Amino acid sequence: MVKKSYFLPALSEFFSVYLPKTRGLSQNTIHSYKQVFRLLLEYVYSKYNLLPEKVEFRHLEKGMVESWLNWLCTERGCSAKTRNHRLSALVTFARFAIQKDFNGAL
């Protein structure tokens with residue numbers, strides 16, 4: 001039996017329902033958050049060879065996130081302020097996903 005990943009469905013609901021409807025964020029803010037996850041998924045693919053549909057919550061452990069944040073600064077030239085914004089978007093998503101629990105997938 002193939003194990004279903006809840007990461008992408010959670011991300012989809014985060015962008016389609018939570019950010020615009022629950023939080024009432026602007027399209028510019030939502031676009032900014034989408035850029036964060038594009039960068040994260042790009043990093044996960046380049047570093048771990050994981051396609052987005054294969055990413056699971058367990059892959060987003062502390063060491064990987066710290067490595068991604070370092071990559072943002074060293075490889076992408078992000079400032080500390082930009083890096084912290086990216087981290088803030090990830091934390092917002094994590095809080096959303098924890099509240100949803102996605103059938104115990106976390």
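Between His59 and Leu8, what is the label-to-label distance in nm when each label sits 7 Å out along the Cα-to-Cβ direction?
Going by the 7 Å Cα→Cβ label model, 1.0 nm.
Roughly what % of Cα-Cα distances in the stretch 7-104 sit above 24 Å, to the whole percent?
For the stretch 7-104, the share of Cα pairs beyond 24 Å comes to 20 percent.
With runs of 4+ DSSP H residues as the only contributors, calculate the mean residue ellipticity of the chain at 222 nm using -39,500 (n - 2.57) per run, divided by the residue total and rounded to the nearest 500.
Helix-only estimate at 222 nm: -19500 deg cm²/dmol.
Coordinate-derived values only; no laboratory data. Since this is a predicted model, take the numbers as computed values, not measurements. Every residue, glycine as well, gets a Cβ built from its backbone with ideal geometry; the counts of neighbours run over all protein chains shown.
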